[in-house]
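Undergrad: Quick one: the structure is below, and I'll ask about it shortly.
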Amino acid sequence: MAAIEYQVTGMTCGHCEMSVREEVGELVGVEDVQVSAQTGKLVVTGEGVDDAQVLAAVEEAGYTAERA
């Protein structure tokens, strides 16, 4: 399984982490989501996960991201 790392901008608390985790976790192929407001790091693990979909899910949660 591939793990893809992203840098998320705008997260400040646990609620932010939860919002991103919920949105990204709904994507097809996603097996695990690790997110930290402290570091801004998002790690998505899964098969066939599409970058554009991950970025759109983060945006849907109210934040911006780019692949690290």
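Where a number appears in this text, it was derived from the coordinates with a stated rule and is not lab data. Here the structure is a predicted model, which is why all the values come from computation and not from measurement. FYI the Cβ positions are ideal-geometry reconstructions off the backbone, even for glycines, and counts take in every protein chain you see.
Undergrad: Quick check on my filter: what residues within segment 11-39 are more than 21 Å from Met1 (Cβ to Cβ), surrounded by 14 or more Cβ atoms within 10 Å (Cβ to Cβ) and touching a residue at least 24 places away in the same chain (Cβ under 8 Å)?
TA: Result: Met11, Cys16, Ser19, Ala37.
Undergrad: Quick test of your reading of the structure: Glu22 fulfils all but one of (1) part of a strand (DSSP E or B); (2) over 13 Å from Ala65 (Cα atoms); (3) among the charged types (D, E, K, R). Name the failing condition by number.
TA: Every condition holds for Glu22 apart from (1).
Undergrad: Separate question: Go through segment 51-62 and give me each residue that's closer than 11 Å to Ile4 by Cα and surrounded by 14 or more Cβ atoms within 10 Å (Cβ to Cβ).
TA: Listed by number, the list holds a single entry, Val54.
Undergrad: From the list Val54, Val28, Val33, Val44, exactly one residue is touching a Lys or Arg at 6+ places or on another chain (Cβ under 7 Å) and at negative phi. Which is it?
TA: Sole residue among the options that is touching a Lys or Arg at 6+ places or on another chain (Cβ under 7 Å) and at negative phi: Val33.
Undergrad: Which residues, taken from segment 46-65, are in contact with a strand residue (DSSP E or B) (Cβ under 8 Å, 6 or more places away or on another chain) and more than 20 Å from Gly14 (Cα to Cα)?
TA: Gly46, Glu47, Val49, Asp51
Undergrad: For segment 49-56, indicate whether the set of residues that are within 10 Å of the chain's Cα centre (by Cα) and in a strand (DSSP E or B) is non-empty.
TA: Checked segment 49-56: no residue is within 10 Å of the chain's Cα centre (by Cα) and in a strand (DSSP E or B).
Undergrad: Confirm whether Leu42 is surrounded by 14 or more Cβ atoms within 10 Å (Cβ to Cβ) and assigned to a helix (DSSP H, G or I).
TA: no
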